Ligand code: DAU
């Protein structure tokens, strides 16, 4: 079987790709390598990346951000290398052709394509070689969506539409869509079941809800063999350092303040990223086509507890904690009823049993996140803007 993994160079995607490759599967990764996609996430498997010639046409120059500036007079490879100079340093970028794709899959079971899911021609081209699609690609960070939602609407909704259309006109056997528990909105005193109404409350979750329902509509309207997953908050290695757990670890290791939104008593259900990977394999094997599956970690914890647990593991003082202004529209709690996937045999790790190893991964792999913090001008700009606007005490 050949898998197309969109967003396969991101956090959950790369963790999943790692498993697929270890199990001997063939994988095409399609990743736009925005700030969150990272060639280092797949370093142990490849140093080669493929770029379609169409690339310039679907990525108009974004004049507003200097880190995105592209010199259009250069050849396409040079141009891309320039854009991601530091990111792709030490890696090879070559042209994507049917021949280069086939030979990479044959030699290494893997082909990593630099490209956007909104690129219709590219998506159609790749889909021809694929049996199963696992769709992770998305803009994912709630705080960024609050500052500016256009990329969320474009990637999460329109990008999903492009993939669905391509899947519809090919012979894809399964289309697994990775949605989120955030589509339900906040859970006050109950756990959400799959058939509960969705009620997203921020631009990110609203975009994901649009994608989630579009995928379902394609199963109802066209009979596309889809399965929709709604996982809770993932944590684990290779998570971009904008999300709570890597924020806490990487800031604490540098003795920087830890920004806790509001009173810090919001609840998230923490799901180890390897358990998400297990859940995906399980639904591919045993899941029912056209169904939605919640995936819970069964680790509902208050943010402040998570922060303090990590500080303790790192032997750092709780004085680093700084309560800052709350996130607008902040969902107080997420909680899922996940009986449906448990009945297929799913189980998940206890937060306290894995967090130590996860913290250790970040301690042992400083090269990975220090490089991001140093090179990613876009992230620096985001941090400056977001955390200074939210710097006041609640
Ligand atoms: O629930 C699944 C979702 O989990 C995914 O669909 C999203 O893509 C993912 O970003 C995540 O959303 P959250 O907003 O829950 O994750 P985040 O790590 O941004 O925040 C977790 C909690 O920690 C949330 O209540 C906000 C809080 N927080 C977060 C950051 C980054 C802080 O208190 N301080 C921070 O600096």
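Read-outs throughout are calculated quantities, based only on the coordinates presented, and are distinct from any laboratory measurement. On a predicted model such as this, the values are computed, not experimentally measured, just so you know. Every residue, glycine as well, gets a Cβ built from its backbone with ideal geometry; the counts of neighbours run over all protein chains shown.
Taking other Cβ atoms within 10 Å as a rough exposure proxy, 379, 334, 16 sort from fewest to most as 379, 334, 16.
Helix-only estimate, please: 222 nm mean residue ellipticity of the chain, summing -39500 (n - 2.57) across DSSP H runs of length 4 or more and dividing by its residues, to the nearest 500. Walk me through the numbers on the way to the answer.
Details: 15 runs with 154 residues, N = 394.
Calculated at 222 nm, the ellipticity per residue is -11500 deg cm²/dmol.
Beta bridges per DSSP, both residues in the chain: antiparallel share near 5 percent. Using only alpha carbon pairs under 8 Å that are at least six residues apart, calculate the relative contact order of the chain and give it in whole percent. Here the relative contact order equals 17 percent. Just checking the listed ones, 159, 287, 329: in the Gaussian network model of the chain with Cα springs under 10 Å, the one fluctuating most is 329. With neighbours defined as other Cβ atoms within 10 Å of a residue's Cβ, the residues 388, 103, 232 order from fewest to most as 388, 103, 232.
GNM remark for the chain: springs join alpha carbons under 10 Å apart, and the peak mean-square fluctuation among 174, 99, 316 falls on 99. State whether the chain is rounded, prolate or oblate according to the following rule on the C-alpha gyration tensor (a ≥ b ≥ c being the square roots of its eigenvalues): a/c under 1.5 gives rounded; otherwise a/b larger than b/c gives prolate, and the remaining case gives oblate. Since a/c reaches 1.5 but b/c is at least a/b, the shape of the chain is classed as oblate.
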